[in-house]
1. For segment 126-157, name all the residues that are closer than 25 Å to P188 by Cα, under 15 Å from the mean Cα position of the chain (by Cα) and not in a strand (DSSP E or B).
2. How many residues does segment 92-120 contain that are among the charged types (D, E, K, R) and either part of a strand (DSSP E or B) or surrounded by 19 or more Cβ atoms within 10 Å (Cβ to Cβ) (or both)?
3. What number of residues within segment 222-247 satisfy the criterion of being closer than 22 Å to N191 by Cα, of a type outside the set (D, E) and without any contact (Cβ under 8 Å) to a residue 60 or more places away in the chain?
4. Quickly run through segment 140-157 and pick out the residues that are surrounded by fewer than 16 Cβ atoms within 10 Å (Cβ to Cβ) and in contact (Cβ under 8 Å) with a residue 24 or more places away in the chain.
5. Looking at (1) surrounded by fewer than 17 Cβ atoms within 10 Å (Cβ to Cβ); (2) of a type outside the set (S, T, N, Q); (3) in a helix (DSSP H, G or I); (4) touching a residue at least 12 places away in the same chain (Cβ under 8 Å), which is the only condition R250 fails?
6. Being touching a Gly at 6+ places or on another chain (Cβ under 6 Å), farther than 17 Å from I8 by Cβ and not in a loop (DSSP other than H, G, I, E, B): is that true of L123 here?
7. Take Y203 and decide whether it is over 22 Å from N99 (Cα atoms), at pLDDT 95 or above, open to solvent by less than 20 Å² (accessible area, probe 1.4 Å) and under 19 Å from the mean Cα position of the chain (by Cα).
8. If I go through segment 13-36 residue by residue, how many of them are in contact with a His (Cβ under 9 Å, 6 or more places away or on another chain) and of a type in the set (S, T, N, Q)?
Amino acid sequence: MKNKPLLICMTPVRNEAWVLHAFLKATSLWADYIIIADQMSIDGSRDIALSYPKVILIENNNPDFNESERQKLLIDKAREIKGDKILFGLDADEIFTANFLETADWSKIINSKPGSVFWFKWLQVLEDKIHGFETQNYYPWVFHDDNVEPHSNYVANIHSMRIPYPIEEKQMFYIDDFKVLHFQHFHPQRNESKQRFYMFVDYSLNKRNPIKLSRTYLKKPIKEKVYELSVGLFYNIPKHGFDIFENIERQNMNFWFDKYVVDHLLDVGVDSYRKIQIWDKSFVAEYNLSDPRNLFVKVLHFYLKSTKNISSNFMIRVVDKVLIKIGL
């Protein structure tokens, strides 16, 4: 039996104290190293990270948002560690289901060959801690490093590839025996703030059409089957030494995403962003902003919001294309 490769988790962090204890306790059960690229956190994330012995903390001093840049920092640091290694690209709100060690798929990862890529599904945990749903898509988050493949394929400033991804897709494996618990929907208020932030950043960096942005980021009903989650998927005190839910905090409603948006709005002016759908009444009132939209833009946003649940309808898609074509 070959020697076990080093397992290296690479995680970007920016004010993730709300979930960081849960992530680090769970990830410390399997990772040899956890590389945290901290992006100027002010909520105690740095101190939390440094309290875990497997953590290697590196600095991301860029105040702006750039996923490809932050991931390159993580990959470069991981590759400084000598030896055979498997790179895991996980965010702080993503945690393996607690059954991972018992699965054949985990053994497949550990015994894989360099160049192998592993794709995972999210298991979205809902607010009640009991129910959830499985995403339809798989995502490539694990790479058995060959120390050759550069981080250049499918990289972007937002929603970027997390791992060095081979252009020749020869060794692709899809993991079904366990999932990645995702706590996006576990904190709905934070998720709403994050989606507004994504819309703002995507427009700032890429000038994507406001209609396409709305269709991407406006909250939609859950289409997947919601079901009661097995307690065996969650970490508990008798078996793991901690309760995962006791290590997640949902009381804080002041989100750095909103501060980022507001600071940039005050810097460049609100009128530059009047077409994107970030002007919720509660957001405008909370930060004492002036709503720059004229009546036409408000009507457009009303249309987008009122049709968000049927945006895949043929006629709605036709209307959207017409609106995009005429420059809206």
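The values are calculated or read from the model by the stated rules, or taken from the named source; none is laboratory data. Just so we're clear, the structure is a prediction, and the values are computed from it rather than from any experiment. Cβ placement follows ideal geometry from the backbone for every residue including glycine, while neighbour counts extend to all protein chains displayed. These accessible areas exclude ligands, DNA and RNA; they are computed on the full protein's heavy atoms, side chains included. Shrake-Rupley method; radii C 1.70, N 1.55, O 1.52, S 1.80 Å.
1. Of the residues in segment 126-157, the ones closer than 25 Å to P188 by Cα are 126-139, 141, 157.
Filter once more, so that each one left must be under 15 Å from the mean Cα position of the chain (by Cα): 135, 137-139, 141, 157.
Hits for segment 126-157 are T135, N137, Y138, N157.
2. At the first step, the residues of segment 92-120 found to be among the charged types (D, E, K, R) are 93-94, 102, 105, 108, 113.
Still in the list and also either part of a strand (DSSP E or B) or surrounded by 19 or more Cβ atoms within 10 Å (Cβ to Cβ) (or both): 93-94.
The qualifying residues number 2.
3. Residues of segment 222-247 closer than 22 Å to N191 by Cα: 222-229, 234, 244-247.
Narrowing further to those that are of a type outside the set (D, E): 222-223, 225-227, 229, 234, 244-245, 247.
From the residues that got through so far, the ones that are without any contact (Cβ under 8 Å) to a residue 60 or more places away in the chain too are 223.
Within segment 222-247, residues that are closer than 22 Å to N191 by Cα, of a type outside the set (D, E) and without any contact (Cβ under 8 Å) to a residue 60 or more places away in the chain number 1.
4. Residues of segment 140-157 surrounded by fewer than 16 Cβ atoms within 10 Å (Cβ to Cβ): 146-148, 150, 152-154, 156.
Selection gives D146, N147, A156.
5. (3)
6. Working: touching a Gly at 6+ places or on another chain (Cβ under 6 Å): yes; farther than 17 Å from I8 by Cβ: yes; not in a loop (DSSP other than H, G, I, E, B): yes.
Answer is yes for this residue.
7. Numbers: over 22 Å from N99 (Cα atoms): yes; at pLDDT 95 or above: yes; open to solvent by less than 20 Å² (accessible area, probe 1.4 Å): no; under 19 Å from the mean Cα position of the chain (by Cα): yes.
Judged against the criteria, Y203 is not a match.
8. Step one: of segment 13-36, the residues in contact with a His (Cβ under 9 Å, 6 or more places away or on another chain) are 18-19, 25-26, 29.
Now narrow it down to the ones that are of a type in the set (S, T, N, Q): none.
Qualifying residue count, segment 13-36: 0.
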